[in-house]
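The values are calculated or read from the model by the stated rules, or taken from the named source; none is laboratory data. Source: prediction; values computed, not measured. Here the Cβ positions follow ideal geometry from the backbone for every residue, glycine too, while neighbour counts run over all protein chains shown.
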Amino acid sequence: MNLEGKQKGFVLWLTGLSGSGKSTIADKVHERLVGDYKVERLDGDIVREHITRGLGFSKEDRDENIKRIAYIAEVLSRHGVGVIASFISPYKEERKKVQDKVTNYIEVHVNTPLNICEKRDVKGMYAKARKGEIPNFTGVSDPYEEPENPHISVCGDYEENLEKIVNEVIDYLRETKHIM
C-alpha cells in the first residue's frame, strides 16, 4: 500500500498517572491507524524493558528515560512516521523538552482522577507506594505536574467512552492534517 502523502510525521504523547488509561487509549488509536498509516507504538513498560533498562524512578532517571524516548520519537517523526507514545512523564519541564525536540508534538492529557487509577491497579503498585514500599511513585510520593495547555484532554474513566475518546484523538489528527 502506498502511504505517501497520506500523513506527516507526528508524536502523539499521552501523559497521565499510572492506571489512567494511557496505554489502552494509545493501543486503540494505534489499532485504528495501523495499516492505513505509518505508525509506531512506544509504551512505558516495553521501553523500560528494552531501551532504558537499568534506569530507576528517581527524577534524574525519569528525565533520562524521557530524553531517550524523545530521541527515538524525533527520529521516527522526522521520517514521516506517526508515533503514539504513552508515558507517565510527570514533569512539565521534560514534556516541554520533548515538545521542543520532536516534529509535530501533540500532547494528550489522560486526566483520570487518582482514586480511579488506584481502583484499576491490578499490580497493587499504589497500595505498595502508600505503605512506603515503592519510593518516588507518581501521584503518591512524587508529583505529577498536570499539563497546562494540552492539545487534547480526556478523562480516562472510559468504561463506556473509549471509542469516543479514540475518535476524538483521530479527529484531531485529521483536523490538523497529520493524517488524511
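Worth a mention:
- Residue count for the range 24-44 satisfying the condition of being among the hydrophobic types (A, V, I, L, M, F, W, C) and over 22 Å from Asn111 (Cα atoms): 3.
- Any chance Ile72 is at pLDDT 85 or above, part of a loop (DSSP other than H, G, I, E, B), out of contact with any Cys (no Cβ under 9 Å at 6 or more places or on another chain) and at negative phi: no
- Residue count for the range 131-180, restricted to those that are surrounded by 14 or more Cβ atoms within 10 Å (Cβ to Cβ), out of contact with any strand residue (DSSP E or B) (no Cβ under 6 Å at 6 or more places or on another chain) and either of a type in the set (D, E, K, R) or in a loop (DSSP other than H, G, I, E, B) (or both): 12
- Residue check, Val122 of a type in the set (A, V, I, L, M, F, W, C) and surrounded by fewer than 20 Cβ atoms within 10 Å (Cβ to Cβ): yes
- Considering the range 94-103, the residues that are in contact with a strand residue (DSSP E or B) (Cβ under 9 Å, 6 or more places away or on another chain) and surrounded by fewer than 23 Cβ atoms within 10 Å (Cβ to Cβ) include one that is nearest to Asp61 (Cα to Cα), namely Arg95.
- For Asp36: the one exception among (1) modelled with pLDDT of 85 or more; (2) over 19 Å from Ile170 (Cβ atoms): (2)
- Note on the range 39-54: among residues that are at pLDDT below 80 and buried (at least 16 other Cβ atoms within 10 Å of the Cβ), the one that is farthest from Gly16 (Cα to Cα) is Thr52.
- Within the range 75-87, residues that are over 15 Å from Ile106 (Cβ atoms) reach partners that are charged (D, E, K, R) with beta carbons closer than 8 Å, at six or more positions or on different chains, in the pairs Gly80/Lys8; Gly80/Lys38.
- Residues within the range 77-93 that are farther than 22 Å from Val166 by Cα and either modelled with pLDDT under 90 or surrounded by 22 or more Cβ atoms within 10 Å (Cβ to Cβ) (or both), tallied: 1
- Selection within the range 12-23 - under 10 Å from the mean Cα position of the chain (by Cα) and modelled with pLDDT under 95: Gly21, Lys22, Ser23
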